[in-house]
Amino acid sequence: MKGPFRSEWLEHYLSEKAPGVFLCSNDGETILEIGRSDDDLKEMIKKTCTRPRGLDSLYAYFWFQYTQTPKEAFYLHCQLWHKYKRNNSTAEHPQPPLGFEDLTCPIKDCEWNRERRGLKEEKEF
Ligand SMILES: [Zn+2]
C-alpha cells in the first residue's frame, strides 16, 4: 500500500482509472475505513474520503494500491479486511466483483468462506 497521503491531495496521487483498494484514517495510523473499487479507485476514494464540496474531509489520510484486475483487488480487499476489521467491526466481509461470484477469500479459516460453502451445499440438496 502507498501512503499515508493527505486526502486533499488525492487528485495528485491518483490519475489512472483502474481497480484497487484503499484505507482511510484520521490520524494516519488507525484504519477507519477499508474499501475497494472494481473499476475506478480514484472515484471511490473521493466518494469515501471527501465531502462533495471539498471544503473539509471525512478522513484526513488515505493509502491506496492499484491492481491489474478486479479479482486481484478482491483478494487484497479480503486481506486488508481481515487485518484491520477490528477497528471497523460493523463492516461486512468484502463481496466478490460482479461476474466473479465464485471467488473465495484467500484467508485460511475465513468464516465467510465457510458460511458460503454451507449455503451452496444446502442449495445442492
Ligand atoms: Zn475472509
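Quick look at the numbers
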item: Scope the range 18-31; condition at pLDDT 95 or above and small (Gly, Ala, Ser); matching residues; result: ALA18, GLY20
item: Number of positions in the range 1-31 that are under 12 Å from the mean Cα position of the chain (by Cα) and surrounded by 16 or more Cβ atoms within 10 Å (Cβ to Cβ); result: 7
item: Evaluation of ARG114 against (1) away from the ligand (no atom under 16 Å from the Cβ); (2) modelled with pLDDT of 90 or more; (3) assigned to a helix (DSSP H, G or I) (one fails), failing number; result: (1)
item: Output for the range 64-94, where each listed residue is surrounded by 11 or more Cβ atoms within 10 Å (Cβ to Cβ) and within 11 Å of the ligand (Cβ to nearest atom); result: PHE74, TYR75, HIS77, CYS78, GLN79, LEU80, TRP81, HIS82, LYS83, LYS85, HIS93, PRO94
item: Residue that is nearest to PHE74 (Cα to Cα), among those in the range 32-60 that are at pLDDT below 90 and exposed (fewer than 15 other Cβ atoms within 10 Å of the Cβ); result: LYS47
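The values are calculated or read from the model by the stated rules, or taken from the named source; none is laboratory data. Just so you know, these numbers come straight off a predicted model, no measurement behind them. Glycine also receives a Cβ, built like all others from the backbone with ideal geometry; neighbour counts cover every protein chain displayed.
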